[in-house]
Amino acid sequence: MTTSASPLGPLHPDVEPRRERLAATALPRESQLELYRYLQLNRRLEDRLTNLYRQGKVVGGLYSSRGQEAISVGSAYALGPRDVVGPLIRNLGSLLVRGVAPREILTQYMARGTSPTGGKDCNLHFGDLARGLVSPISMLGALVPVLAGVALAAKYRGEDSVALTYIGDGGTSTGDFHEGMNLAAVLEVPLVVVAEHNGYAYSTPTERQMKIKDLAQRAVAYGIPARIVDGNDVLAVYEATRQAVSEARAGGGPRMLEVKTFRMKGHAEHDDAGYVPPELFERWRARDPIARFERHLADEGLATRAELDAILADVDRRLDEDVDFALASPWPPPERALEGVYEEGET
Amino acid sequence: MSATATGAATEVTFLEAIGRALADEMRADDRVFLIGEDVGRYGGAFRVTAGLLDEFGPRRVIDTPISESGFTGAAIGAAMMGLRPVVEYQFIDFIANAFDMVVNFAGTNRYRWGQKVPLVLRGPSGGRVSGSAFHSANPEAYFHRAPGLKIVYPATAEDAYGLLRAAIRDPNPVLFFEHKYLYRRVKGTLPEGLETLPLGRARLARAGRDLTVITWSAMVHVALEAAATLAAEGIEIEIVDLRTLKPMDEAAILASVEKTNRALVLSEEPVTGSVAGDVAARIAERAFWSLDAPVARVGCLDTPVPYSPPLEDFYLPNAAKLAARVRELVSG
Ligand SMILES: Cc1ncc(C[n+]2csc(CCOP(=O)(O)OP(=O)(O)O)c2C)c(N)n1
């Protein structure tokens, strides 16, 4: 069976992430500069981590969101303080927007005793409900039903908070994704799923993972309204998420966004991505979300180069401090391994 | 990749031994095919299947979407129809996503309606590589109590080769766990003409007189390390490498314990609910009157696998912990 044209086609004028102009927004200048800061913090923190990895300071694998920063940053920026996010390994930007400090990420990746999990878990695998963060789950798809449950709890209590989680193109082939999406639809819970279509799942291109062109087609089958969004336009991601979140908050049930983007590195730092045709990297490098946003800020007269440089200097200063903190941090005491299997507090 | 173990003896890593077993069995039998994530062009996350797509083509080396339950179910179906699927999980932790297929269907099929399911389910397992809770599993105990499954967990390159070929030829579903710490660290020589080694047969990894350590997989090497230390103190431990956990070579365990009169089960699992517990129970039931000391278990903490090296070192058994326990049992 061949796939026919996407049933969503006409609904989504902005399928092609090639448009140079970014989406219209009512966000004031200060907010746009804040987005810029998060985007750069995301990228520069990952650059620091890459260096630390090469120096053997990162314990285990290192995962990059290069080229996808606009998705995490733009979507998390559209959330309210009581909303809850379930990020995946490439959603560093979402954590930063939720108030996570670079040193928390650095100490996690470096397995130090000062990390949010005290050394028990790795990389972005930590959560903090006080900041609306659920810890990632490696088993792909698993966060979808879990975040549907977070949304169910809000609906149950009559609260208006929304749950948001992410899934990769590859992850949408799991049973958990299917069950979670269908369940969220039937229970009409306020869940927003951001599906990052970045072309590859490890070495496997999308066309060998599914027979459909758009992940949004999956949402149609669940009766979940979906939109396709340019994932390399931080304003488009922000605006689409804001819209989806407000519909979910208003009781409209789950929403899905398919964000078109590209994974600009290998699956992880050890993977040279030799299986990706170099032209693809070339084509997507021209759509780099940060460079595009900088041009937007300049074209719209929102910031001078000097103002952007001041932001960068501030980001670098912050990172210097936090890298030093992480490097100076001790290893965890071995006996900590025994602690915390059970909750010992009040029921 | 043209050398085979059926030619002259060759030195290989544990990982290469597995790749060769797959290739040799695929050459020998057109019914054998591989299925899993990134096993084809990429050659698998750990490169176990590197080169196999080139030799055997996409009909026999099948890349899948991320759908563990789906491709395990499909492998069961193909196996029932007479094919010999070998399923790879990118990390063995993700076999959890196919638990229902493995335990409820593959394991019970033969008993329920007489239809055999010749199937191998394999993948990288084990800790000591800072993989944390989701990438360090030793899942043998989850499957040990499930009827109808066989479980192989080798320690040496030669065993990995011969037992994998035997697993593929076996008419039952066989779980084949590959400790990833051993992949490139353990090397061995595949003897000329080696094809299969029998499932269900333990191997005497070291002869000794004072105490028997029953173990498998990466822990065999830990036991050997401890044995060297203990030998310098005049304590000679015997090491039984089970190789196959199910069916378990009870005769080999009992024969050794009846000789040394002391038994310790060493395994990389949380002690509670472990396969080690089953080994200990068999010894207590059948060799009680030969014992000069209680049967001991040395394993992991009853916690998820922690990430940071000092925590994971504390969590895992090692030669020093083993030697300390052996000294207590021998002097007690
Ligand atoms: C259930 C499950 N199977 C396999 C894996 C191993 N694995 C980790 S990431 C990955 C590819 C993910 O691709 P995608 O969902 O598209 O996300 P991306 O890496 O592109 O962000 C795989 C196969 C896993 N984490 N979970």
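The values are calculated or read from the model by the stated rules, or taken from the named source; none is laboratory data. What you see is a predicted model; the values in this text were computed from it and never measured. Please note: Cβ atoms are built from the backbone with ideal geometry, for glycine as well, and neighbour counts cover all protein chains shown.
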Practice task
Test B:ALA98 against the criterion of being within 14 Å of chain A (Cβ to nearest Cβ), under 22 Å from B:ARG60 (Cβ atoms) and over 14 Å from the mean Cα position of the chain (by Cα), and give yes or no.
Solution key: yes
Exercise for the section: Just name the residue that is surrounded by the most Cβ atoms within 10 Å (Cβ to Cβ) out of those in region A:183-205 that are over 19 Å from the mean Cα position of the chain (by Cα) and away from the ligand (no atom under 16 Å from the Cβ). Expected result: A:ALA184
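Quick grid of which residues meet (1) within 15 Å of B:ALA21 (Cα to Cα); (2) surrounded by 24 or more Cβ atoms within 10 Å (Cβ to Cβ); (3) more than 14 Å from chain A (Cβ to nearest Cβ):
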residue: B:PRO65; (1), (2), (3): no, no, no
residue: B:MET80; (1), (2), (3): no, no, yes
residue: B:LEU83; (1), (2), (3): no, no, yes
residue: B:ALA106; (1), (2), (3): no, yes, yes
residue: B:LYS116; (1), (2), (3): no, no, yes
residue: B:ARG128; (1), (2), (3): no, no, no
residue: B:ALA133; (1), (2), (3): no, no, no
Fill in the blank from the handout: By residue number, the members of region A:130-177 that are small (Gly, Ala, Ser), under 24 Å from A:TYR77 (Cβ atoms) and within 14 Å of another protein chain (Cβ to nearest Cβ) are A:SER135, A:GLY168, A:GLY171
Fill in the blank from the handout: Given (1) within 14 Å of chain B (Cβ to nearest Cβ); (2) touching a Lys or Arg at 6+ places or on another chain (Cβ under 8 Å); (3) without any contact (Cβ under 8 Å) to a residue 60 or more places away in the chain, A:SER203 misses just (3)
Fill in the blank from the handout: Of the residues in region B:122-147, those that are touching a Phe, Trp or Tyr at 6+ places or on another chain (Cβ under 7 Å), within 18 Å of B:VAL86 (Cβ to Cβ) and not basic (Lys, Arg) come to B:GLY123, B:PRO124, B:SER125
Problem - Restricting region B:86-142 to residues that are of a type in the set (Val, Ile, Thr), within 16 Å of the ligand (Cβ to nearest atom) and assigned to a helix (DSSP H, G or I), the residue that is farthest from B:ALA319 (Cα to Cα) - result: B:VAL102
Exercise for the section: Please work out which one of (1) within 14 Å of chain B (Cβ to nearest Cβ); (2) on the phi > 0 side of the Ramachandran plot is the condition A:GLN209 fails and give its number. Expected result: (2)
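Taking the criterion of being farther than 28 Å from A:THR25 by Cβ, within 14 Å of the ligand (Cβ to nearest atom) and buried (at least 20 other Cβ atoms within 10 Å of the Cβ), would at least one residue in region A:160-170 satisfy it?
Within region A:160-170 (the criterion being farther than 28 Å from A:THR25 by Cβ, within 14 Å of the ligand (Cβ to nearest atom) and buried (at least 20 other Cβ atoms within 10 Å of the Cβ)), the answer is yes, since at least one residue qualifies.
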Problem - Residue, nearest to B:SER125 (Cα to Cα), within region B:295-322, restricted to residues that are touching a strand residue (DSSP E or B) at 6+ places or on another chain (Cβ under 9 Å) and more than 14 Å from chain A (Cβ to nearest Cβ) - result: B:VAL298
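Just to be sure, is A:LEU79 buried (at least 24 other Cβ atoms within 10 Å of the Cβ), within 23 Å of A:PRO254 (Cα to Cα), among the hydrophobic types (A, V, I, L, M, F, W, C) and modelled with pLDDT of 95 or more?
Values: buried (at least 24 other Cβ atoms within 10 Å of the Cβ): no; within 23 Å of A:PRO254 (Cα to Cα): yes; among the hydrophobic types (A, V, I, L, M, F, W, C): yes; modelled with pLDDT of 95 or more: yes.
In short, no.
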Exercise for the section: State which residue is nearest to B:ALA50 (Cα to Cα) when the search covers only region A:206-226 and only residues that are within 11 Å of the ligand (Cβ to nearest atom) and within 20 Å of the chain's Cα centre (by Cα). Expected result: A:THR206
Practice task
Note down all Cβ pairs under 7 Å where the first residue falls in region A:319-347 and is over 25 Å from B:ASP313 (Cα atoms), the second is part of a helix (DSSP H, G or I) and of a type in the set (A, V, I, L, M, F, W, C), and they're at least six residues apart or on different chains.
Solution key: A:LEU319/A:LEU45; A:ASP322/A:LEU106; A:VAL323/A:LEU106
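Table: residues versus (1) surrounded by 15 or more Cβ atoms within 10 Å (Cβ to Cβ); (2) farther than 30 Å from B:PRO173 by Cα; (3) of a type outside the set (Ser, Thr, Tyr).
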{"residue": "B:ALA223", "(1), (2), (3)": "yes, no, yes"}
{"residue": "B:ALA232", "(1), (2), (3)": "no, yes, yes"}
{"residue": "B:ASN261", "(1), (2), (3)": "yes, yes, yes"}
{"residue": "B:ARG282", "(1), (2), (3)": "yes, no, yes"}
{"residue": "B:PRO306", "(1), (2), (3)": "yes, yes, yes"}
Practice task
Take B:ILE76 and decide whether it is within 14 Å of chain A (Cβ to nearest Cβ) and modelled with pLDDT of 95 or more.
Solution key: no
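Has region A:283-298 got at least one residue that is within 16 Å of the ligand (Cβ to nearest atom), in a loop (DSSP other than H, G, I, E, B) and farther than 30 Å from A:SER115 by Cα?
As a first pass, look at region A:283-298 and keep what is within 16 Å of the ligand (Cβ to nearest atom): A:284, A:289.
Still in the running and in a loop (DSSP other than H, G, I, E, B): none.
No, that holds for no residue.
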Completion exercise
Within region A:49-78, the count of residues that are closer than 15 Å to A:LEU124 by Cβ, in a helix (DSSP H, G or I) and not aliphatic (A, V, I, L, M) comes to 3
Completion exercise
Given the conditions (1) within 14 Å of another protein chain (Cβ to nearest Cβ); (2) surrounded by fewer than 20 Cβ atoms within 10 Å (Cβ to Cβ); (3) among the small types (Gly, Ala, Ser), every one holds for A:GLY180 apart from (2)
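Hey, among A:LEU312, A:LEU302, which residue is in a loop (DSSP other than H, G, I, E, B) and more than 15 Å from the ligand (Cβ to nearest atom)? Quick ask: steps written out before the conclusion?
Values: A:LEU312 fails: in a loop (DSSP other than H, G, I, E, B).
From the options A:LEU312, A:LEU302, the qualifying one is A:LEU302.
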Problem - Scope region B:51-63; condition within 14 Å of chain A (Cβ to nearest Cβ) and either in contact with a strand residue (DSSP E or B) (Cβ under 8 Å, 6 or more places away or on another chain) or buried (at least 20 other Cβ atoms within 10 Å of the Cβ) (or both); matching residues - result: B:LEU53, B:VAL61, B:ILE62, B:ASP63
